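Quick note: the coordinates plus some simple rules give every number you see, no bench work behind them. Keep in mind that what you see is a predicted model, and the values were worked out from it rather than measured. As a convention, Cβ positions derive from the backbone with ideal geometry for all residues, glycine included, and neighbour counts pool all protein chains shown.
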C-alpha cells in the first residue's frame, strides 16, 4: 500500500504542476521555461514573471482551488515547490480533497 | 545600500489589471488603498507605491540574500512637491527613504536606508535590451559596468579602479542603472 499511495501522491503532484502551467501561461513570455516546468522551477529567475503578476497567480490559485492564501503563505510563493506545498496545505485545512 | 525599481507604465497597463477583485488587498494596506482611491490618478499611485515597495525590498534582499513575497509588510508614505516625489517605506523596524521620477512613460524609484544618500545616487536610463552592459560601457567614458558570477552588478571607475555599488532595474522598454557616488556605499 505505501507504494500505491506514493504513486497517487506523485500523480497528484503532476496534475497540480499541469494546472499551474495553465495558470502561469498568461504571465510569462518565457514559454521554453514554462514548457519544461517542474517542481524546481522558480517563478522569478526561471519564468521571469513580473513581481506584480505574482499576485495574479496567487489569486488564480485561490479561485481554482477554493482556498485562501494568507500573507505568511504568500511570502513563500517564489517557486513551484512552494506553490505546491501551499496548495496541499490549504486543501488539507479545508478538510482535504 | 541602495535599491531601485522601474515600471514601464504602458507595459504595466497591458500586463496587470490592478482593479481585479482582491488584487489591491494582497499588496496594499488600508492607508495605501485610501490614498490610491483618493488620488486623481489612482493607477499612478498604484505603481508608485509598488515601485517604492520593490525598491526597498531589493535592498533587504541584497543584504539578507533572503527572498520573500510580502508586499503588505512594506508600508509607504509619499510626499510630493512640484518636481519630485519623496517617500518613506517602513519594513519591520527599518525605514527606507525613496525618491521617484514619474512621467508619462515610466515610474522610477530609488531607495536608500540613509536619507542623505539619495542625493548621492546617479541614474542612467537606457533602452531595455539584452546588450545593455555593452551599451552602457560604450557610452560611459568614466565607468565600466560588469556583473560578477552571481549576477551582481559592479561599477568600476576607470580613472582610479574604485568600485561603486550599482543596481539595475528593467521593465518593458526601459532600463535604469543606478550607482552611489560614494565608494561601495
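Please arrange B:180, A:51, B:112 by how many other C-beta atoms lie within 10 Å of their C-beta, fewest to most. Mind dumping the intermediate values first?
On the way: B:180 21, A:51 18, B:112 25.
So the ranking, lowest neighbour count to highest, is A:51, B:180, B:112.
Diffusion coefficient of the protein assembly as shown by Stokes-Einstein, Kirkwood radius over Cα pairs, 37 °C, 0.692 mPa s: 161 µm²/s.
Considering only B:73, B:147, B:114, give the residue with the highest GNM mean-square fluctuation for chain B, with springs between Cα atoms whenever their separation is below 10 Å. It is B:147. Considering all C-alpha pairs of the range B:1-72, those separated by over 17 Å amount to 48%. Against the main long axis of the alpha-carbon atoms of chain A, helix A:51-65 sits at an angle near 30°.
Please report, in cubic angstrom per residue, the volume enclosed by the convex hull of the alpha-carbon atoms of the range B:2-180. Each step should come with its number before you reach the end.
Working: hull volume 23.8 nm³, N = 179.
Considering the Cα atoms of the range B:2-180, their hull volume per residue is 133 Å³.
What is the percent of Cα-Cα separations in the range B:47-96 that go past 16 Å?
Working: 457 of 1225 pairs.
Counting every Cα pair in the range B:47-96, those more than 16 Å apart make up 37 percent.
Given a Förster distance of 51 angstrom, what is the FRET efficiency for residue B:113 paired with residue A:32, based on the Cβ-Cβ distance and rounded to 0.05? Write down the numbers at each step before the final one.
Working: r = 38 Å, r/R0 = 0.75.
Efficiency, rounded to the nearest 0.05: 0.85.
For the range A:2-93, a Kirkwood hydrodynamic radius built from all Cα pairs, placed in the Stokes-Einstein relation at 25 °C and 0.890 mPa s, yields a translational diffusion coefficient of 182 µm²/s. Helix A:2-24 axis versus longest C-alpha principal axis of chain A: approximately 20°, rounded to the nearest ten. Taking other C-beta atoms within 10 Å as the exposure proxy, A:77, B:52, B:1 rank B:1, A:77, B:52 from fewest upward.
For peptide B:18-27, the mean count of partner chain Cβ atoms within 10 Å of a residue's Cβ comes to 4. Each Cα pair under 8 Å and six or more residues apart adds its separation to the average, and for the range B:63-185 the resulting relative contact order is 16 percent. Of the residues B:127, B:32, B:21, the one that moves most in a GNM of chain B with alpha-carbon contacts below 10 Å is B:21. The value of relative contact order for chain A, using C-alpha pairs under 8 Å at least six residues apart, is 26 percent.
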